[in-house]
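These notes are about the structure you will find just below.
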Amino acid sequence: MEQEPAQPARQTPNWQTIDRPADGFRIDMPGWASESQAPAYTARGSVEQVEVLQATPGPETAFAVSWAVNPPVERASREDSDQTLDLAINGALARTQTVLTAESRGTFAGYQARDFAARGDSGVMNARLILAGKRLFMLVATFPSQSPQNDADINRFFNSFAVTAPPCTN
């Protein structure tokens with residue numbers, strides 16, 4: 001009788017809580033998080049930068065949160081929250097060259113939110129958008145398409161997020 005090859009033991013990431021009171025949020029990240037900026041495109045095609053924290057607990061696996069006050073998608077939608085979230089999803093799909101595979105609408109901690117999943121040649125993406133007034137947060141977990149996702153890590157990451165400042169209204 002042939003045995004299946006053993007799966008490598010899953011390494012448990014060393015989770016840490018990141019508290020960003022000036023940016024209005026707190027989140028658990030799986031490992032050390034680096035800070036950078038990423039492009040956000042305006043309706044006219046120009047580029048603005050948004051803040052990003054990213055942790056990479058394994059090869060080709062990443063968890064990230066980005067945020068901006070009054071981002072280009074908010075201005076382009078004329079502050080219509082549904083349209084803001086639609087534009088944000090469309091922009092994320094275009095930048096990552098992925099195709100939407102699932103989407104759900106709802107709220108998160110009283111704020112309008114969208115969860116969505118996408119797949120592309122380089123892997124899979126699970127994301128959550130949260131619109132708190134004029135502040136837009138995007139949480140993203142990405143995995144290579146050939147490796148299994150870890151739903152427990154995705155849930156911990158998404159559910160650890162907390163808006164810690166009143167929503168921006170101007």
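Among the candidates ALA94, ALA165, ALA127, ALA109, the residue that is aliphatic (A, V, I, L, M), surrounded by fewer than 18 Cβ atoms within 10 Å (Cβ to Cβ) and without any contact (Cβ under 8 Å) to a residue 40 or more places away in the chain is uniquely ALA94. For ASP115, are the conditions met, namely being acidic (Asp, Glu), assigned to a helix (DSSP H, G or I) and without any contact (Cβ under 8 Å) to a residue 60 or more places away in the chain? No; evaluated as a whole, the condition is false for this residue. Would you be able to say whether some residue in the stretch 143-161 is closer than 24 Å to TYR41 by Cα and in a strand (DSSP E or B)? No - not one qualifying residue is present in the stretch 143-161. Of the candidates ALA62, ALA22, ALA92, the single residue that is hydrophobic (A, V, I, L, M, F, W, C) and either at pLDDT below 85 or assigned to a strand (DSSP E or B) (or both) is ALA62. Of everything in the stretch 40-59 that's of a type in the set (S, T, N, Q) and either at pLDDT below 75 or part of a loop (DSSP other than H, G, I, E, B) (or both), which residue is farthest from ARG119 (Cα to Cα)? Among them, the one singled out is SER46. Of ARG128, ARG105, all but one fail to be touching a helix residue (DSSP H, G or I) at 6+ places or on another chain (Cβ under 7 Å) and not aliphatic (A, V, I, L, M); the exception is ARG128.
The values are calculated or read from the model by the stated rules, or taken from the named source; none is laboratory data. Treat the numbers as computed from the prediction; the structure is a model and nothing was measured. We place every Cβ from the backbone using ideal geometry, glycine too, and count neighbours over all the protein chains shown.
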